[in-house]
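The values are calculated or read from the model by the stated rules, or taken from the named source; none is laboratory data. Everything numeric here is computed off the predicted structure, so don't read it as measured data. Reconstructed Cβ throughout: ideal geometry from the backbone, glycine too, with neighbour counts over all protein chains shown.
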Amino acid sequence: NKKITIAIDGFSSTGKSTLAKELARYLGYVYVDTGAMYRAVALFAMQKGYIGAAFFDKKSLIKSLPFIKLTFKFNPDLGFAEMYLNDVNVEKEIRTIEVSSYVSKVAEISEVRSKLVEQQKEMGKNKGIVMDGRDIGTVVFPDADLKIFMTASPLTRAQRRFKELQKKGDNVTFDEVLKNVEERDYIDTHREDSPLVKAEDAIEFDNSNISKQEQFEKVLKLVNI
Ligand code: C5P
């Protein structure tokens, strides 16, 4: 069986990572969450005091890029890889609403994008990979064998994200989550470098009204053709 490359793009909280993880597990492929990489860079900027509610020192962040090491380490207990920033596990820290509120501003910077895209291309060079993000089918793997583009209504997505954050004990209101989802959609689709768009040859799934299982089975059929 020939190994293929699967690119999954779409808006935030559309269930991309759940689908990507399930596919990777089923196929025995590597799963890469590129959002985690942008989130780790945003966390770095926060830790260094380069970004805050009313300021963003982009120059300092750009200068620091050579000193940002991003790695994934497989956690056998969880069944997927966790994000490490300069050898520290940051899987929990990168999922907070605070990081979510800064990450799209960090992801707008071309120097950040080219560093991460280069690393992502390298990770996919042997195929057998499922990668999710915003620009995978358009920029990272324009020749991917299968491209999926996921959408769902903002309300559905905010409800999902809200439940996730509540489960983790994050003290956040539904309105904050909805506002964050809408803000990120806006920045991600309007930025100059690699905006979120559906690749021409991507297959679109609106999963507002279908179950995870249904969706997984539909996509699996596409893998087998
Ligand atoms: O996928 P996730 O919601 O964790 O991504 C967080 C943010 O990282 C997105 O809102 C987007 O700004 C950025 N991102 C990106 N390109 C990717 C993946 C994520 O710009 N390939």
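Worth pointing out:
- Scanning segment 1-16 for residues that are more than 24 Å from Glu200 (Cβ to Cβ) and either under 15 Å from the mean Cα position of the chain (by Cα) or of a type in the set (Ser, Thr, Tyr) (or both) yields a single hit, Ser13.
- Residue check, Ile148 under 22 Å from Val106 (Cα atoms) and touching a strand residue (DSSP E or B) at 6+ places or on another chain (Cβ under 8 Å): no
- Residue selected from segment 1-59 under the condition away from the ligand (no atom under 16 Å from the Cβ) and of a type in the set (Phe, Trp, Tyr), by the criterion farthest from Asn75 (Cα to Cα): Phe55
- Residue list for segment 149-162, filter: more than 25 Å from Glu192 (Cβ to Cβ) and either over 14 Å from the mean Cα position of the chain (by Cα) or away from the ligand (no atom under 13 Å from the Cβ) (or both): Ala152, Ser153, Leu155, Thr156, Ala158, Gln159, Arg160, Phe162
- Exactly one residue among Thr71, Thr138 is away from the ligand (no atom under 13 Å from the Cβ) and modelled with pLDDT of 95 or more, and that residue is Thr71.
- Residue list for segment 43-76, restricted to those being charged (D, E, K, R) and more than 16 Å from Asp87 (Cβ to Cβ): Lys48, Asp57, Lys58, Lys59, Lys63
- Scanning segment 71-103 for residues that are more than 24 Å from Gly28 (Cα to Cα) and among the hydroxyl-bearing types (Ser, Thr, Tyr) turns up Thr96, Ser100, Ser101, Tyr102.
- Subset of segment 1-31 (residues that are surrounded by 24 or more Cβ atoms within 10 Å (Cβ to Cβ) and part of a strand (DSSP E or B)): Ile6, Ala7, Ile8, Asp9, Gly10
- Of all residues making up segment 187-200, the number that are more than 13 Å from Ser101 (Cβ to Cβ) and either surrounded by fewer than 17 Cβ atoms within 10 Å (Cβ to Cβ) or in contact with a Cys (Cβ under 8 Å, 6 or more places away or on another chain) (or both): 7
- Residue in segment 192-213 that is more than 17 Å from Gly35 (Cβ to Cβ), free of Cβ contacts under 8 Å to residues at least 60 places away in the same chain, within 15 Å of the ligand (Cβ to nearest atom) and assigned to a helix (DSSP H, G or I) present: no
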